[in-house]
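The values are calculated or read from the model by the stated rules, or taken from the named source; none is laboratory data. Note that this is a predicted model, so its numbers are computed, not measured. Using ideal geometry, Cβ is built from the backbone for each residue, glycine included, and neighbour counts are taken over all protein chains shown. In case anyone asks, the SASA skips ligands and DNA or RNA and just uses the protein heavy atoms, side chains included. Shrake-Rupley method; radii C 1.70, N 1.55, O 1.52, S 1.80 Å.
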Amino acid sequence: MDKEQAIRKAQKLMAVAMDGRGNGHEAERALAQAEALMRKFGIEQAEIASTNAASDFDWAEAFHAYGPPKNPAKSCPKWFQFISTGVANFTDTIVRLHYDPAQGYGVGFYGERADTLFAQWLVGYLKASVWEALNAAHRQHPEWNRSDMEDFRKGMAARLSSRMRDLRRERDAEFAAAATRQGTGVALVLITDKLAKRDAEFGSPKYKHSRITVRDQLAAHKGSLAGDQVGFAKPIKSGQGHARG
């Protein structure tokens with residue numbers, strides 16, 4: 001293996017370490033292997049980030065319709081938009097409201113293909129989790145009206161988005177700490193490089209900062225508690241969905 005091959009191998013290993021969505025031991029092992037290659041061949045961070053292997057991203061877009069196939073949605077509720085933005089930040093993608101003539105309104109995720117596919121799955125999974133939790137809560141509170149149920153959805157959406165934001169910060173902090181411990185910060189450099197190239201490809205994300213207002217604090221609180229019970233790891237055997245490149 002020459003240095004150029006080692007750079008490409010290290011870049012692929014760093015991609016596994018950056019993903020952070022599978023087995024934690026696998027990511028840790030990939031990071032250690034990449035760092036070992038860098039030390040052996042004298043590879044610098046800049047060489048990893050600037051190599052063709054790192055810049056040759058497979059850009060794609062993936063659409064998720066809010067409504068079911070036989071009943072296309074005429075709009076996307078605010079709580080779903082809030083979750084979608086959280087998913088985009090969590091998966092290194094850009095999200096935009098999108099309309100498909102056949103499927104109605106939904107959201108489109110833009111970025112590296114693997115990221116968009118994960119975002120497409122995750123937003124659908126979280127949407128279903130909200131409705132499932134709401135149905136269970138409504139059985140306990142049959143007195144809830146539409147406004148109460150909407151507050152539950154808002155509370156759960158806010159909590160899910162907050163958790164995804166915290167997990168993203170933890171990931172970046174771990175990579176920064178690895179840089180201090182091991183003398184390199186390749187994972188964080190690659191993420192920054194990928195996001196910069198993503199924005200150059202699709203345009204920088206522009207999200208409106210809006211606060212969620214609720215009338216029934218109890219319903220919103222129960223929604224927030226339900227948001228704590230949802231996991232974000234994708235099942236190994238789940239479908240990948242479809243992305244358009």
Report summary line: Of the residues in the range 60-89 that are within 14 Å of residue 118 (Cβ to Cβ) and under 13 Å from the mean Cα position of the chain (by Cα), the one that is surrounded by the fewest Cβ atoms within 10 Å (Cβ to Cβ) is 89
Query raised in the report: Has the range 101-116 got at least one residue that is open to solvent by 20 Å² or more (accessible area, probe 1.4 Å), assigned to a strand (DSSP E or B) and more than 17 Å from residue 79 (Cβ to Cβ)?
Result: yes
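Look through the range 127-146, keep the residues that are assigned to a helix (DSSP H, G or I) and in contact with a helix residue (DSSP H, G or I) (Cβ under 7 Å, 6 or more places away or on another chain), and return whichever of them is surrounded by the fewest Cβ atoms within 10 Å (Cβ to Cβ). Give the derivation first.
In the first step, residues of the range 127-146 are kept if they are assigned to a helix (DSSP H, G or I); the result is 127-140, 146.
Then keep just the ones that are in contact with a helix residue (DSSP H, G or I) (Cβ under 7 Å, 6 or more places away or on another chain); that gives 127, 130, 133-134, 137-138.
Values: 127: 20, 130: 24, 133: 20, 134: 20, 137: 19, 138: 15.
Ranking the candidates gives 138 first.
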Query raised in the report: Quick check, is residue 153 buried (at least 19 other Cβ atoms within 10 Å of the Cβ) and closer than 21 Å to residue 95 by Cβ?
Result: yes
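Which one is nearest to residue 58 (Cα to Cα), of the residues in the range 90-109 that are under 11 Å from the mean Cα position of the chain (by Cα) and hydroxyl-bearing (Ser, Thr, Tyr)? Give the steps one after another, and end with the answer.
Taking the range 90-109 as the starting set, the residues that turn out to be under 11 Å from the mean Cα position of the chain (by Cα) are 90-95, 109.
Subsequent filtering for residues that are hydroxyl-bearing (Ser, Thr, Tyr) retains 91, 93.
On the way: 91: 15, 93: 13 Å.
Once the filter is applied, the top-ranked residue is 93.
One line per residue, one yes/no per condition, for (1) under 17 Å from residue 123 (Cα atoms); (2) buried (at least 16 other Cβ atoms within 10 Å of the Cβ); (3) at pLDDT 85 or above:
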position: 200; (1), (2), (3): no, no, yes
position: 203; (1), (2), (3): no, no, yes
position: 219; (1), (2), (3): no, yes, yes
position: 226; (1), (2), (3): yes, yes, yes
position: 230; (1), (2), (3): yes, yes, yes
position: 237; (1), (2), (3): no, no, no
Report summary line: Checked against (1) open to solvent by 10 Å² or more (accessible area, probe 1.4 Å); (2) assigned to a helix (DSSP H, G or I); (3) out of contact with any Ser or Thr (no Cβ under 7 Å at 6 or more places or on another chain), residue 160 satisfies every condition except (1)
Report task. Please enumerate the residues belonging to the range 87-126 that are farther than 23 Å from residue 71 by Cβ and hydroxyl-bearing (Ser, Thr, Tyr). Result -> 91, 93, 110, 116
**Report entry** Pairs, first farther than 22 Å from residue 1 by Cβ and open to solvent by less than 90 Å² (accessible area, probe 1.4 Å) in the range 20-40, second at pLDDT 65 or above and not in a helix (DSSP H, G or I), C-beta under 8 Å, six or more apart
**Finding:** 21/232; 21/233; 22/233
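Filter the range 1-24 for residues that are of a type in the set (Gly, Ala, Ser) and either modelled with pLDDT under 70 or over 15 Å from residue 44 (Cα atoms) (or both) and give the result.
Quick first cut of the range 1-24, residues of a type in the set (Gly, Ala, Ser) only: 6, 10, 15, 17, 20, 22, 24.
Scanning the range 1-24 gives 15, 17, 20, 22, 24.
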